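Colleague: Have a look at the structure that comes next, please.
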Amino acid sequence: MAKDHDGTNPRAGTTLEKYRDDQLPTPGTGVVASDAVENPGFEPFRARVSDVDPAKARANERRVSAWFVLSIIGTVFAITAYIVFPIVDGEPGTIRNNNLFLGLGIALALVSIGFGAVHWSKSLMDGHDLVEQRHGTRGTEATRQKAIEVFELGNKESGFGRRTLIRNTLIGALVVSPLPAVVLFRDLAPAENPVPLLQHTMWKKGTRLTRDPSGTPIKASEVTLGSAFHVIPEGLNESEHKLEEKAKAAVLLMRLKPQDLHVSQGREDWNYNGIVAYSKICTHVGCPVALYEQQTHHLLCPCHQSQFDITQEAKVIFGPAKRPLPQLPITVDSEGYLVAQSDFTEPVGPSFWERKL
Amino acid sequence: MAALAAYVATKGPGPAIPSEQYLAGEGDAAVGAELFRINCAMCHNVAGAGGALTEGKFAPPLAGVSAVHVYEAMLTGPQNMPVFNDANISPEDKANIITYLKYLDETPSVGGYGLGDLGPVSEGLFIWIFGLGAIVAITVWLTAKSN
């Protein structure tokens with residue numbers, strides 16, 4: 001009886017029962033309020049002009065078909081525009097015209113279909129309000145009985161419940177099969193401790209300051225008053241992780257009048273005749289700070305408007321940054337080129353959990 | 001103008017009016033673009049549309065600025081602009097930057113109207129007001145009862 005492959009069972013394949021009295025929607029676990037708002041029901045039916053005046057109905061009918069005719073015009077326009085405004089090699093302006101008019105045509109065609117359909121349904125289709133009840137999703141008793149029979153027959157024919165060795169090893173195989181994912185996802189974590197990487201940059205004693213992007217060294221005499229040089233450490237262009245290193249080591253080099261600098265104790269020899277070098281990485285969230293105003297000596301971060309005063313060792317004078325930009329101690333070598341005295345004396349860029357300062 | 005420059009030159013040494021060979025815009029636009037991104041774009045915007053500085057100061061837009069003005073500005077650093085002397089950016093590289101700016105001026109925006117080339121600020125404002133506005137208007141129309 002459970003076998004139904006020949007379709008002899010007339011109940012086979014019947015779908016859900018749509019609606020039954022014993023399956024009214026239940027309130028579920030929701031709290032029933034004692035002073036619940038009463039369902040006011042529908043507003044009284046108000047006839048539309050199309051319902052009472054056949055002339056208006058005909059006018060609306062014409063309007064709907066006008067939208068659909070407009071859609072056809074849009075389609076024709078799109079095809080015509082594609083032919084009239086071809087894309088010419090080497091003339092990028094022709095791409096814009098082609099895309100613009102093709103797009104306008106297709107948009108007109110599709111939007112008109114939508115507007116026509118909505119106007120049709122609102123003005124001409126039946127205008128009565130109605131409620132569609134949800135129905136239960138429980139199948140008929142016969143359907144449920146048949147599902148159980150299918151399972152029981154499957155169990156009997158395959159011996160799934162009887163051959164426990166097969167069953168248990170299958171379950172075991174399925175349980176362990178996702179384990180390779182654990183190994184794969186473990187590798188998404190950093191391979192090495194990132195903290196030392198954050199604490200140090202490419203700069204070290206004797207590294208020449210070079211121009212970004214050419215990598216040519218800079219003589220102190222070339223940095224005239226009011227100049228701003230964008231600086232990378234020597235050898236950056238040849239280093240293995242060029243972008244990672246540049247993101248930490250980028251420096252802005254400026255020359256001020258030496259008497260304008262307010263140098264704190266311990267930093268007396270960090271500048272060279274008023275030439276100062278500061279990390280370009282904002283201490284807020286790490287944007288490159290490079291908007292240098294040569295008269296006010298203010299350095300502005302374009303992301304969140306932090307301002308640093310270069311005359312006061314890049315002190316924060318406005319904005320969300322909490323620490324001054326780290327200064328790179330510089331001097332000149334025997335050939336007159338600017339070199340670093342050491343790495344930065346603190347980590348550059350934004351805060352991180354393990355930062356000590 | 002040349003006479004005025006000659007008079008100023010008698011008062012002390014200083015940069016001269018740049019020679020024509022660097023102003024024609026016949027350099028390498030790609031090299032100029034890289035130098036522009038490194039040295040200029042943080043203030044002047046990557047498309048040369050200008051931008052705000054502190055306390056109401058601003059970096060002016062560079063569209064339509066003559067090559068000789070661009071060159072002289074790099075050399076002298078007007079107002080708060082830093083100086084980019086010939087040791088920092090060589091005359092050939094200054095010519096490359098001018099070539100890039102000329103290219104920006106002469107190349108039409110392929111993607112359509114640029115909304116001032118200000119990037120996500122103007123584009124976001126536009127879609128926020130007109131895109132969302134259109135969605136709200138259509139929703140109101142869809143749900144309103146027909147007369």
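Colleague: So, in the stretch A:212-236, of the ones that are facing another protein chain (nearest Cβ under 10 Å) and charged (D, E, K, R), which residue ends up surrounded by the most Cβ atoms within 10 Å (Cβ to Cβ)?
Modeller: Filtering first and then ranking leaves A:212.
Colleague: Inspect the stretch B:32-48 for any residue being in contact with a helix residue (DSSP H, G or I) (Cβ under 6 Å, 6 or more places away or on another chain), more than 10 Å from chain A (Cβ to nearest Cβ) and on the phi > 0 side of the Ramachandran plot and give the result as yes or no.
Modeller: Yes - at least one qualifying residue is present in the stretch B:32-48.
Colleague: Please determine, by comparing only the residues of the stretch A:267-300 that are in contact with a Pro (Cβ under 8 Å, 6 or more places away or on another chain) and of a type in the set (S, T, N, Q), which one is nearest to the other protein chains (Cβ to nearest Cβ).
Modeller: For the stretch A:267-300, the residue satisfying everything is A:294.
Colleague: Step by step: first the residues of the stretch B:60-93, then only those that are within 14 Å of chain A (Cβ to nearest Cβ) and of a type in the set (D, E, K, R), then the one that is surrounded by the fewest Cβ atoms within 10 Å (Cβ to Cβ). Which residue is that?
Modeller: B:92
Colleague: Mind counting the residues in the stretch B:115-131 that are within 13 Å of another protein chain (Cβ to nearest Cβ) and either surrounded by 15 or more Cβ atoms within 10 Å (Cβ to Cβ) or assigned to a helix (DSSP H, G or I) (or both)?
Modeller: To start, the set of residues in the stretch B:115-131 that are within 13 Å of another protein chain (Cβ to nearest Cβ) comprises B:118-121.
Next cut, either surrounded by 15 or more Cβ atoms within 10 Å (Cβ to Cβ) or assigned to a helix (DSSP H, G or I) (or both) only: B:118, B:120-121.
Selection size over the stretch B:115-131: 3.
Colleague: Of all the helices (runs of 4 or more DSSP H) wholly in the stretch A:44-152, which have at least 3 residues that are among the small types (Gly, Ala, Ser) and within 14 Å of chain B (Cβ to nearest Cβ)?
Modeller: A:92-123
Colleague: Just to be sure I understand, how many residues within the stretch A:211-251 are within 17 Å of residue B:34 (Cβ to Cβ) and more than 36 Å from the chain's Cα centre (by Cα)?
Modeller: So the count comes out to 1.
Colleague: Would you mind stating whether residue A:209 is surrounded by 14 or more Cβ atoms within 10 Å (Cβ to Cβ), part of a helix (DSSP H, G or I) and of a type in the set (A, V, I, L, M)?
Modeller: No; evaluated as a whole, the condition is false for this residue.
Colleague: Does any residue in the stretch A:143-165 that is among the acidic types (Asp, Glu) come within less than 6 Å, Cβ to Cβ, of a residue that is surrounded by 10 or more Cβ atoms within 10 Å (Cβ to Cβ) six or more places away or on a different chain, and which pairs are these?
Modeller: A:149/A:2
Colleague: If you don't mind, another one. Please find, among A:347, A:324, the residue that is away from chain B (no Cβ under 14 Å), assigned to a loop (DSSP other than H, G, I, E, B), crowded, with 20+ Cβ neighbours inside 10 Å and of a type outside the set (Asp, Glu).
Modeller: Working: A:324 fails: crowded, with 20+ Cβ neighbours inside 10 Å.
None of the others qualify; the one that does is A:347.
Colleague: Please tell me if residue A:209 is touching a Leu at 6+ places or on another chain (Cβ under 9 Å), more than 22 Å from residue A:345 (Cα to Cα) and within 14 Å of chain B (Cβ to nearest Cβ). Quick ask: steps written out before the conclusion?
Modeller: On the way: touching a Leu at 6+ places or on another chain (Cβ under 9 Å): yes; more than 22 Å from residue A:345 (Cα to Cα): no; within 14 Å of chain B (Cβ to nearest Cβ): yes.
No; evaluated as a whole, the condition is false for this residue.
Every number here is computed from the coordinates shown, using simple stated rules; none is lab data. From a predicted model like this one, the values you see are computed outputs, not experimental measurements. Cβ coordinates were reconstructed from backbone atoms using ideal geometry, including for glycine residues, and neighbour counts include every protein chain displayed.
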